[in-house]
Amino acid sequence: MMGKLTKLFLLTAVFLLAPLALLTAALAEPVSESKKAVVVESGDEHNEYCSITDPDQKAPIKFACLHQLTDCPEAEEVVKTMATYSKAYVSQDYKTCAEYMTDGITTFDQRSKRLIVGKEAVLADMKARLDKSLPDSESPLLSYTLDHPLARVNGNKAYANCIGIKIFGGKNPHTMESHSTYVFVKEEGKWKKSHFTTDWRAVEHKG
């Protein structure tokens, strides 16, 4: 009789404790970050998509680098660096962005008239800007395009220009455009941004 009661007790304990163990294990698993952009291939070397791993995001962020204007292999490398940096930015991959910055990088925004100095300060400013247009914001960023990037190289220094275009959706759909200038320095075989100027303004659509 005691043996049967013992077996019954053990079976009851298993049925009661097993769901509790599964629940405890599930709660112990690290929570994955949502709204994380990942660059995926789109089949076109000049157009790639940054898909957001968030079920509420209706469309991926589209990245494109169009109509490149280069006159030598080094200038092509500068434009490739601009594209790599920009794709990392829309992917929220600030570690990669930092790899393509000099320690003393500076940036100047024509609209705010602010000069920002140093890698950490520039990265913080970039993140603050992008945080305002994440998938759960009222105006999520839908696409980011570098149009007509032009690069010129002189030794270990280079300058580049492009038209930046950002398209936003959500409750407040709009388009922003900037005629941007970049200065690059080649350090240890890699082109890095040492300065850039932006002038983001709303594009007026004529009916």
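No lab work stands behind these numbers, since they all come straight from the coordinates. If you're wondering where the values come from, they're calculated on a predicted model, not measured in any experiment. Positions of Cβ are backbone-derived with ideal geometry, glycine not excepted, and every protein chain shown enters the neighbour counts.
Brief remarks follow.
- Neighbour-count order for LYS113, LYS186, LYS157, fewest beta carbons within 10 angstrom listed first: LYS113, LYS157, LYS186
- Taking the fewest neighbouring Cβ atoms within 10 Å as the starting point, the ordered list for TRP191, TRP200 is TRP200, TRP191.
- Charges were assigned to the Cβ only: +1 to each Lys and Arg, -1 to each Asp and Glu. The resulting dipole of region 66-202 about its Cα centre is roughly 280 debye.
- The convex hull drawn around the Cα atoms of region 66-202, when projected onto a plane and averaged over every direction, covers 7.8 nm².
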